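Please read the structure below before turning to the comments.
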Amino acid sequence: MGRKIVVAKPGLDGHDRQAKVIARVLKDNGYDVVYTGIRQTPSQIAQTVLQESADVVVLNNLSGAHLELFPETAKRIRELGLNPFIIGTGVIPPEDQEELLKKGLDVVFGPGTPPQTIVEAIKQWEQTNP
């Protein structure tokens, strides 16, 4: 098995098809994936990352709350002394992507990003983090 990845849905967004597709593609590429399910708080996600010793976290939000929830989740994860590769995905306009990078995310993908692009980003990260 590859690295451990947590795919999480922070907030009240109940639309999880995209997160499930991402989780499936990651599994198909040899990663050990834990999907948290919908309606998770930043603290719950951080605890899952800790418990699973995750190397990578994929946050997904389609409700427009990414500017609040993604940075808060990254903050909670870092407060636990963890430093996973944090990816933001979902309906994230280009003007919000730079803001999220400044607030603790490592990479952000907006609408229409093929799941394989997320896999490639993780593979690139793995090359510098063996």
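With N set to the residue count of region 50-130, report its C-alpha Rg divided by 2.2 N^0.38 Å to two decimal places.
1.05
Which of the listed residues, N29, I87, F70, is farthest toward the dipole's positive end in region 4-125, when Lys, Arg count +1 and Asp, Glu count -1 at the beta-carbon?
Positive-end residue among those listed: N29.
For region 11-63, with only Lys/Arg (+1) and Asp/Glu (-1) charged at the beta-carbon, what is the dipole magnitude about the Cα centre, in debye rounded to 20?
200
Tell me which trypsin sites (Lys or Arg not before Pro) from region 23-109 have a DSSP coil assignment and no more than 16 other beta carbons within 10 Å of their own.
R39, K103
Modelled label-to-label distance, T117 and L82, 7 Å Cα→beta-carbon offset: nm?
About 2.6 nm, to one decimal.
Filter K27/K123; K27/K75; K4/K27; K75/K102; K103/K123; K20/K75 down to the pairs with a C-alpha to C-alpha distance above 21 Å, please. Mind dumping the intermediate values first?
Details: K27/K123 14 Å; K27/K75 26 Å; K4/K27 10 Å; K75/K102 12 Å; K103/K123 23 Å; K20/K75 24 Å.
Flagged as over cut-off: K27/K75; K103/K123; K20/K75.
Can you tell me the FRET efficiency between Q127 and L12 if r is taken as the Cβ-Cβ distance and R0 is 25 Å, rounded to the nearest 0.05?
The calculated FRET efficiency here is 0.10.
Spin-label point model (7 Å from Cα, Cβ direction): what's the K75 to I38 distance in nm?
So the two model labels end up 2.7 nm from each other.
Place the peptides 9-18, 115-124 in order of packing, highest mean first, counting for every residue the other Cβ atoms within 10 Å and averaging per peptide.
On the way: 9-18: 18.0, 115-124: 15.5.
Ranking, from highest mean packing down: 9-18, 115-124.
When only alpha-carbon atoms are used, what values of Rg and Dmax, in angstrom, describe region 1-54?
Rg, Dmax (Cα atoms, Å): 10.9, 31.
Determine the per residue accessible area of the chain with all protein chains present and a 1.4 angstrom probe, expressed in square angstrom.
For the chain, the solvent-accessible area averages 49 Å² per residue.
Multiply the residue gap between Q47 and L67 by 0.36 nm, knock off their C-alpha separation, and tell me the result in nm, one decimal place.
Net length gain for the segment: 5.1 nm.
How large a share of the accessible area of region 4-125, in percent, is made up of carbon and sulfur atoms when the probe is 1.4 Å and the other protein chains stay in place?
Reported share for carbon and sulfur atoms: 50 percent.
About its Cα centre, what dipole magnitude does the chain give when the only charges are +1 on Lys and Arg Cβ and -1 on Asp and Glu Cβ, stated in debye to the nearest 20? Can you show the working numbers first?
On the way: 14 positive and 16 negative charges, 68 e Å.
Charge dipole, the chain, about its Cα centre: 320 debye, nearest 20.
Which value, to two decimals, describes the C-alpha radius of gyration of region 1-91 once divided by 2.2 N^0.38 Å?
Region 1-91 yields a ratio of 0.96.
Given only helices, namely DSSP H runs of n ≥ 4 each adding -39500 (n - 2.57), what is the per-residue ellipticity at 222 nm of the chain, to the nearest 500 deg cm²/dmol?
Estimated from H runs of four or more residues: -14500 deg cm²/dmol.
How much net charge surrounds L26 when only the other residues with a Cβ under 13 Å from the Cβ of L26 are counted, with Lys and Arg +1 and Asp and Glu -1?
+1
The values are calculated or read from the model by the stated rules, or taken from the named source; none is laboratory data. Small disclaimer: the values here were computed from a predicted structure and weren't measured. A quick note on method: Cβ atoms are made from the backbone with ideal geometry, for glycine too, and the neighbour counts reach across all protein chains shown. Calculation scope for accessible area: heavy atoms of the full protein, side chains included, ligands and nucleic acids excluded. Shrake-Rupley method; radii C 1.70, N 1.55, O 1.52, S 1.80 Å.
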